[in-house]
Amino acid sequence: MPRFTLTVNGKTQTIDAPADMPLLWVLRDRLDLTGTKYGCGAGICGSCTVHVGGDAVRSCQAPLSAIGEARVTTIEGLAAEGLKRAWILEDVSQCGFCQAGQLMQAAALLGRTPNPGDDEITAAMNDNLCRCGTYLRIQAAIRRAAEVEGRHY
């Protein structure tokens with residue numbers, strides 16, 4: 001079995017796994033980082049979103065061999081305290097299942113666009129699905145984080 005060296009949440013780890021194993025299963029089953037959720041398995045819902053090299057990536061669709069030396073950040077390693085605080089203040093979560101992916105997508109947006117407008121937020125978040133329909137609260141939380149915390153994502 002091939003051996004891969006990954007840096008996940010700032011910690012370098014060596015993993016023996018098939019090259020085509022999705023990053024999602026490496027994180028959940030090999031590294032016990034269960035905050036990243038399995039939703040659809042097809043890269044459609046966004047529940048499995050993590051950062052790879054700072055970009056939001058659907059981990060269910062990213063084979064381990066494609067990660068290379070890029071740094072991986074999961075919800076457990078996300079440092080965006082202002083965004084997390086805004087999420088709570090705007091009462092975003094209901095069932096909570098999609099929230100890790102939503103937060104990771106929002107943090108990637110704020111990393112690229114420190115003060116996004118509503119259209120930019122909608123475009124960035126459009127492919128992350130929420131069965132509870134908290135989209136307006138998600139948008140408000142992203143705006144609050146951009147306004148209050150200041151661009152440190």
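Of the numbered conditions (1) within 26 Å of GLY41 (Cβ to Cβ); (2) buried (at least 19 other Cβ atoms within 10 Å of the Cβ); (3) free of Cβ contacts under 8 Å to residues at least 60 places away in the same chain, ALA141 satisfies every one except a single condition; which is it?
(1)
Can you run down the residue pairs with Cβ atoms below 8 Å, 6 or more apart or on separate chains, where the first is in region 27-38 and touching a residue at least 60 places away in the same chain (Cβ under 8 Å) and the partner is of a type in the set (Phe, Trp, Tyr)?
LYS37/PHE97
Out of all the residues in region 1-19, which are within 16 Å of the chain's Cα centre (by Cα) and surrounded by fewer than 11 Cβ atoms within 10 Å (Cβ to Cβ)? Walk me through it before giving the result.
Of the residues in region 1-19, the ones within 16 Å of the chain's Cα centre (by Cα) are 7-10.
Within region 1-19, just GLY10 meets the criteria.
Can you report the number of residues in region 34-75 which are of a type in the set (D, E, K, R), closer than 20 Å to LEU110 by Cα and buried (at least 17 other Cβ atoms within 10 Å of the Cβ)? First the steps, then the outcome.
Here is the first cut: in region 34-75, the residues of a type in the set (D, E, K, R) are 37, 55, 58, 69, 71.
Imposing the further condition that a residue be closer than 20 Å to LEU110 by Cα reduces the set to 55, 58, 71.
Filter once more, keeping what is buried (at least 17 other Cβ atoms within 10 Å of the Cβ): 58.
Number of matching residues: 1.
Restricting region 34-55 to residues that are part of a loop (DSSP other than H, G, I, E, B) and of a type in the set (Val, Ile, Thr), which is nearest to the chain's Cα centre (by Cα)? Talk me through it step by step, then tell me what you get.
Restricting attention to region 34-55, the residues satisfying the condition of being part of a loop (DSSP other than H, G, I, E, B) are 34-48, 53-54.
Those still in the list that are of a type in the set (Val, Ile, Thr) too: 34, 36, 44.
On the way: THR34: 12, THR36: 8, ILE44: 14 Å.
Among residues in region 34-55 that are part of a loop (DSSP other than H, G, I, E, B) and of a type in the set (Val, Ile, Thr), the one nearest to the chain's Cα centre (by Cα) is THR36.
Modelled with pLDDT of 95 or more, exposed (fewer than 14 other Cβ atoms within 10 Å of the Cβ) and not in a loop (DSSP other than H, G, I, E, B) - does that describe any residue in region 20-33?
Quick first cut of region 20-33, residues modelled with pLDDT of 95 or more only: 20-33.
Then drop every residue that is not exposed (fewer than 14 other Cβ atoms within 10 Å of the Cβ), which leaves 20, 29, 32.
Subset that is not in a loop (DSSP other than H, G, I, E, B): 29.
Checked region 20-33: at least one residue is modelled with pLDDT of 95 or more, exposed (fewer than 14 other Cβ atoms within 10 Å of the Cβ) and not in a loop (DSSP other than H, G, I, E, B).
Out of the residues in region 124-138 that are charged (D, E, K, R) and part of a loop (DSSP other than H, G, I, E, B), state the one that is nearest to THR49 (Cα to Cα). Quick ask: steps written out before the conclusion?
Going through region 124-138, the residues charged (D, E, K, R) turn out to be 127, 131, 137.
Now drop any that are not part of a loop (DSSP other than H, G, I, E, B), which leaves 127, 131.
Working: ASP127: 11, ARG131: 16 Å.
Going through the qualifying residues, I end up with ASP127.
Can you tell me how many residues in region 67-99 are outside any loop (DSSP other than H, G, I, E, B), out of contact with any Ser or Thr (no Cβ under 6 Å at 6 or more places or on another chain) and in contact (Cβ under 8 Å) with a residue 24 or more places away in the chain?
First pass over region 67-99, keeping only residues outside any loop (DSSP other than H, G, I, E, B): 71-73, 75-77, 81-89, 99.
Filter once more, keeping what is out of contact with any Ser or Thr (no Cβ under 6 Å at 6 or more places or on another chain): 72-73, 75-77, 81-89.
Cutting the leftovers down to in contact (Cβ under 8 Å) with a residue 24 or more places away in the chain gives us 72-73, 75-77, 81-83, 85-87, 89.
Residues that pass the stated criteria total 12.
Being crowded, with 22+ Cβ neighbours inside 10 Å and in contact with a helix residue (DSSP H, G or I) (Cβ under 8 Å, 6 or more places away or on another chain) narrows it down to one of LEU110, LEU78, LEU89, so name that one.
That would be LEU110, the only listed residue that is crowded, with 22+ Cβ neighbours inside 10 Å and in contact with a helix residue (DSSP H, G or I) (Cβ under 8 Å, 6 or more places away or on another chain).
The values are calculated or read from the model by the stated rules, or taken from the named source; none is laboratory data. No experiment lies behind these values; they were computed from the predicted model shown. Positions of Cβ are generated from backbone atoms using ideal geometry, with glycine treated the same way; all protein chains shown enter the neighbour counts.
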